[in-house]
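The values are calculated or read from the model by the stated rules, or taken from the named source; none is laboratory data. Predicted model, so just to flag it, every value in this text is computed and none were measured. Cβ sites come from the backbone with ideal geometry, for glycine too, and all protein chains shown count toward neighbours.
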């Protein structure tokens, strides 16, 4: 009887160890990612899994919304923002593994129109009476929205266009508004404009970069993460030369 009890005790320990190991192996890295990364990040995360064996689950929303969720206790492991200020806000709240975010890419603002609209994307279009509705990302939530307002102010067009603006929650939704016809054009990210769907359906014009502050995109590993080593490995992977080149093919300028 004693031998049976001892066997059962050892068996229980082995089962518990196996279950724990399986749980750890199956736990996915949780990524909070700015909406402009939605067309870009999934294939990179798939390649990361193939390379490292680490699974990743990504949530795409505006940078402001993600920062607020993190500050409210959302269980993310790493935050990829569309600017530096929102991850810095997270760091200043004592929720990051470092005191400041790491620059991982730079964004580009473009004006996009549908091919069937017969509107040619250009600065002249922004001044034209043909433009009735212009989709933009919310400047209070999305860094691309702030860049949009800055560009329109630089062109001295913000006041005249204000009544025509169709404001989306994030840059991905602004692209959807323009693509669906809810707006005649959209000031969106180059990452959105370069997707196969948007390329097939529309045309884009790159807004001169001297019209708005640089869209510097920053990432930060979160201090409460139970997978900080894996999160740092993902950040290092994103910063590697091959992945930086891949980002450049999808509308993001390399960090360096």
Exercise. Looking at 98, 93, 85, 81, which is the one that is more than 24 Å from residue 166 (Cα to Cα) and either buried (at least 23 other Cβ atoms within 10 Å of the Cβ) or within 18 Å of the chain's Cα centre (by Cα) (or both)?
Worked result: 85
Exercise. Condition test on residue 227, is it outside the structural domain of residue 157 (by TED's automatic domain parsing) and farther than 21 Å from residue 83 by Cβ?
Worked result: yes
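Residues 154, 122, 128: which one is within 28 Å of residue 84 (Cβ to Cβ) and surrounded by fewer than 16 Cβ atoms within 10 Å (Cβ to Cβ)?
Numbers: 122 fails: within 28 Å of residue 84 (Cβ to Cβ); 128 fails: within 28 Å of residue 84 (Cβ to Cβ).
Just a single option satisfies the conditions, and that option is 154.
State the number of residues belonging to the stretch 81-94 that are at negative phi and out of contact with any helix residue (DSSP H, G or I) (no Cβ under 6 Å at 6 or more places or on another chain).
Residues in the stretch 81-94 being at negative phi and out of contact with any helix residue (DSSP H, G or I) (no Cβ under 6 Å at 6 or more places or on another chain): 6 in total.
Going by the conditions given, is residue 238 crowded, with 19+ Cβ neighbours inside 10 Å, assigned by TED's automatic domain parsing to the domain that holds residue 92, at pLDDT 95 or above and assigned to a helix (DSSP H, G or I)? Please lay out each step first, then the result.
Numbers: crowded, with 19+ Cβ neighbours inside 10 Å: yes; assigned by TED's automatic domain parsing to the domain that holds residue 92: yes; at pLDDT 95 or above: yes; assigned to a helix (DSSP H, G or I): yes.
The answer is yes for residue 238.
Go through the stretch 97-130 residue by residue and tally those that are within 17 Å of residue 211 (Cβ to Cβ) and in contact (Cβ under 8 Å) with a residue 24 or more places away in the chain. Spell out how you get there, then give the answer.
In the first step, residues of the stretch 97-130 are kept if they are within 17 Å of residue 211 (Cβ to Cβ); the result is 106-112, 121-127.
Narrowing further to those that are in contact (Cβ under 8 Å) with a residue 24 or more places away in the chain: 106-112, 121-123, 125-127.
Going through the stretch 97-130 one residue at a time, the tally reaches 13.
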For this session: Tell me, yes or no, whether the stretch 122-130 has at least one residue that is outside any loop (DSSP other than H, G, I, E, B) and either at pLDDT below 95 or in contact with a helix residue (DSSP H, G or I) (Cβ under 6 Å, 6 or more places away or on another chain) (or both).
Result: no
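Tally up the residues in the stretch 132-160 that are on the phi < 0 side of the Ramachandran plot and part of a loop (DSSP other than H, G, I, E, B), please. Steps first, answer last, please.
Here is the first cut: in the stretch 132-160, the ones on the phi < 0 side of the Ramachandran plot are 132-155, 157-160.
Checking the rest, the ones that are also part of a loop (DSSP other than H, G, I, E, B) come to 132-133, 138-142, 155, 157.
Of the residues in the stretch 132-160, 9 are on the phi < 0 side of the Ramachandran plot and part of a loop (DSSP other than H, G, I, E, B).
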Exercise. Out of all the residues in the stretch 224-234, which are at pLDDT 95 or above and surrounded by fewer than 19 Cβ atoms within 10 Å (Cβ to Cβ)?
Worked result: 228, 229, 232, 233
Exercise. Any idea which residue in the stretch 233-256 is nearest to residue 117 (Cα to Cα), counting only those that are touching a residue at least 24 places away in the same chain (Cβ under 8 Å) and out of contact with any helix residue (DSSP H, G or I) (no Cβ under 9 Å at 6 or more places or on another chain)?
Worked result: 239
